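Presented below is the structure to which this report refers.
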Amino acid sequence: METSASLQKMLTEPVGSLILKNAIPTVITMMITAIYNTADTFFVSKLGTSASGAVGVIFTLMFLMQACAFTIGMGSGSITSRALGAEDFKKANTYCSTAIFTAFFVGVLFTVFGNIFREGLVRHLGATPTILPFALDYARYILFGAPFIITSFAMNNLLRFQGRAAFSMIGMISGGILNIFLDPLFIFVFDWGISGAAIATLISQIVSFLILLSMFIRKKSLAELSLSHISKKIRTYQDIITSGLPSFFRQGMGALSGIFLNRQAAFYGAVTVSLAASSALAADSAVAGMAITNRVDKLLLSVAIGLGQGFQPVCGINYGAKQFDRVRSAYSFLVKVSGAVMTLSALLVFIFAPQIVSFFRDDESVVLVGSLALRFQACVLPFHSLIFGTNMLLQVAGEKKSATFLSSMRQGLFFIPCIFILPHAVQFFGAEPILGVQMTQALCDMLAAVCAIPFSIRFFKKLG
């Protein structure tokens, strides 16, 4: 009865209010998650520039974990939401249960193989020799938490796609708030250094995992979690992976671009004479500056992503019920509201960029790199409403190829060539090559936004 009533609301209530109702807890969840990630950067930065750079390096590792989690969670979630819209509850139960157990298994693989090859992995992620010891300490505990991190994000997405964002919020923010309090306790009071930040994250993720799991056990989910629902068909796993590929490319390309960004920032930072007398210190300053920029950028984008995730269950369930006018209205509402919020954020960040970076690490070289990169990012923030909105629309509607291609543009097809070409291009015009590193992501975001427009036009023409 509760399931039917919940579905009926998704199919009849005004789409704007539905999106906001789902988005508010999702935005809060995304903000708290981003804030506790940012808190790691803030507290660890007090240990030194190299320690600050280590957080940026391991942030790339967490992006890899999130790529797997979002592939499973969003892939199964989009299928589950369409199944619920079509009232195919058996299918919804199968994909939900299969996804959660698969996510935990993938996390175990991360723990085992990540720890076996930890040093090589961290080096390839972009750690300099001076950053490496800090990054190894941080990575050890993050890798042990992989099963809980990946499964938590998968369960979070499954709950959201069912319009249960408030329940997912409880699990995610509980761990996030706990992390914020544990960070200074473990780092400074217990004197565990950077390992303390990682242990705080590990404990917080386990708490989030247990709370989210309890939502399924207590039947707060519209789809049931049970061992008996786990599929034995290869097709089920193929469906989850192919439906989740846009998320994999979005997150996976983010991890790959993070590796190239760390490497290029370290290389061009070391040869930039204005940063520091020591090339090693200059390299660490550049990595730290770009790491802070990325954390702040992710914090700001969490609002746009949260609004988009509030849109996903509305889109998925109405698309499954063939109410295409409501899908069109929901997309229009999302782009307008998200664009307005991002424009306001962009103005504030552009004005206060140096103060924001120095808040994390009051080092002249770090601020020099980070503040300009942050201002470049601020210039393109409003366009993320098109990037994320269109990508989520295509993914939820089952347009796998288009969604995958579009999601790979921003931090893949555009980013990877640009991060190598732009430093040489700006140097040709007499600027320091580090400028090319600082402006790469902003340029790629603008190109991705332009490319999103024909994808959305084509999709709605098909709907008629």
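The values are calculated or read from the model by the stated rules, or taken from the named source; none is laboratory data. Predicted model, so just to flag it, every value in this text is computed and none were measured. Positions of Cβ are generated from backbone atoms using ideal geometry, with glycine treated the same way; all protein chains shown enter the neighbour counts. The accessibility values were calculated without ligands, DNA or RNA, using every heavy atom of the protein model including side chains. Shrake-Rupley method; radii C 1.70, N 1.55, O 1.52, S 1.80 Å.
Two decimals is fine: what's Rg over Rh for the range 147-191, C-alpha atoms, Kirkwood radius as Rh?
Result: Rg/Rh = 1.16.
What three numbers, in Å, describe the spread of the alpha carbons of the range 95-146 along their principal axes, ordered from the longest?
45, 17, 16
Give me the percent of accessible area attributable to carbon and sulfur for the range 308-464, probe 1.4 angstrom.
After summing per-atom areas, the C and S share lands at 71 percent.
Measure out, as a whole number of angstrom, how far apart the alpha-carbon centroids of the range 398-449 and the range 316-386 sit.
First find each Cα centre; the distance between them is then 17 Å.
Would you mind working out the accessible area per residue for the range 1-143, using a 1.4 Å probe, and quoting it in Å²?
Accessible surface, normalised per residue, equals 36 Å².
Kindly provide log₁₀ I(q)/I(0) values, in the same order as q = 0.11, 0.19, 0.22, 0.26 Å⁻¹, from the Debye equation applied to equal alpha-carbon scatterers of the range 316-397.
Those come out to -0.44, -0.79, -0.92, -1.10, one per q.
Return a whole-number percent for the relative contact order of the chain, with Cα pairs under 8 Å and 6 or more residues apart as the contact set.
The normalised contact order for the chain reaches 23 percent.
Cα-based Rg (one decimal) and Dmax (whole number) for the range 202-357, in Å?
21.7, 64
Between the range 5-56 and the range 111-140, what is the C-alpha centre distance in whole Å?
Spelled out, the Cα-based centre of one part sits 27 Å from the other.
So what's the angle, to the nearest 10 degrees on a 0 to 90 scale, between helix 15-45 and the longest Cα principal axis of the chain?
For helix 15-45, the angle is close to 30 degrees.
If you put +1 on each Lys and Arg Cβ and -1 on each Asp and Glu Cβ, how big is the dipole of the range 214-372 around its Cα centre, in Debye rounded to 20?
So the magnitude is around 1040 debye.
Once fully extended, how much extra length lies between Phe190 and Met446, figured as 0.36 nm per residue of separation less the alpha-carbon to alpha-carbon distance?
That pair, Phe190 and Met446, stretches by 87.7 nm at full extension.
For Leu348 and Ile241 in one chain, what is 0.36 nm times their gap in residues minus the Cα-Cα distance, to one decimal in nm?
Separation in residues times 0.36 nm, less the Cα-Cα distance, equals 34.6 nm.
Pick out, from Leu347, Ser456, Val426, the residue whose Cα sits farthest towards the positive end of the charge dipole of the range 326-464, with +1 on the Cβ of Lys and Arg and -1 on the Cβ of Asp and Glu.
Checked the options; the winner is Ser456.
I'd like the accessible area for Cys451: 1.4 Å probe, protein heavy atoms, all chains in place, Å² to the nearest 10.
40
Averaged per residue, what accessible area in Å² does the range 265-376 show with a 1.4 Å probe, protein chains only?
37
If packing is taken as the mean number of other Cβ atoms within 10 Å per residue, what is the order of 305-313, 228-236, highest first?
Most protected by this proxy first, the peptides run 305-313, 228-236.
Tilt of helix 384-396 relative to the longest C-alpha principal axis of the chain, in degrees (0 to 90, nearest 10)?
40
Compute the long axis of helix 193-217 from its Cα atoms, compare it with the longest principal axis of the Cα atoms of the chain, and write down the angle in degrees, 0 to 90, nearest 10.
Tilt of helix 193-217: around 0 degrees.
Please go through the residue pairs Lys233/Lys461; Lys219/Lys400; Lys400/Lys462 and name each one whose alpha carbons sit more than 24 Å apart in this structure.
Those over the limit are Lys233/Lys461; Lys219/Lys400.
Check cross-link reach from Lys298 to the lysines: straight Cα distance under 23 Å, and skip same-chain residues fewer than eight apart.
Straight-distance partners of Lys298: Lys21, Lys46, Lys336.
Given the -39500 (n - 2.57) contribution per DSSP H run of 4+ residues, what per-residue ellipticity at 222 nm results for the chain, rounded to the nearest 500 deg cm²/dmol?
Estimated from H runs of four or more residues: -29000 deg cm²/dmol.
D for the chain, whole µm²/s, Stokes-Einstein with Kirkwood Rh over alpha-carbon pairs at 10 °C and 1.306 mPa s: what number?
Value of D from the Cα-based Kirkwood radius: 72 µm²/s.
Can you tell me the order of 194-200, 132-138 when each peptide is scored by its average per-residue count of other Cβ atoms within 10 angstrom, highest first?
So the order, starting with the most tightly packed, is 194-200, 132-138.
About the Cα centre, and with charges only on the beta carbon of Lys, Arg (+1) and Asp, Glu (-1), how big is the dipole of the chain? Nearest 20 debye, please.
Magnitude of the dipole: close to 1680 debye.
Where a ≥ b ≥ c are the square roots of the eigenvalues of the C-alpha gyration tensor, would you call the range 101-241 rounded, which needs a/c under 1.5, or, failing that, prolate if a/b is larger than b/c, or oblate?
Because a/c hits 1.5 or more and a/b fails to exceed b/c, the range 101-241 counts as oblate.
For the pair Val112/Leu227, report the inter-label distance in nm, with labels modelled 7 Å from Cα in the Cβ direction.
Output for this residue pair reads 1.9 nm.
Could you give log10 I(q)/I(0) at q = 0.09, 0.15, 0.16, 0.23 Å⁻¹ for the range 351-464, computed by the Debye formula over C-alpha point scatterers of equal weight, without solvent?
Reported log10 I(q)/I(0), two decimals: -0.32, -0.74, -0.80, -1.17.
When the distances between all Cα atoms of the range 188-266 are binned every 5 Å from zero, what whole-number percent does each bin get?
For the range 188-266, the binned pair fractions read 3, 11, 9, 10, 17, 19, 13, 9, 6, 3, 0 percent.
In nm, give the distance between the simple-model label positions of Phe460 and Lys401, each being 7 Å from the Cα along the Cα-to-Cβ direction.
2.4
Summing Lys, Arg as +1 and Asp, Glu as -1, what charge do residues with Cβ under 14 Å from the Cβ of Val189 carry, Val189 excluded?
For residues surrounding Val189, the net value is -1.
Would you mind calculating the relative contact order of the range 44-126 from Cα pairs under 8 angstrom and at least 6 residues apart, reporting the percent as a whole number?
Here the relative contact order equals 32 percent.
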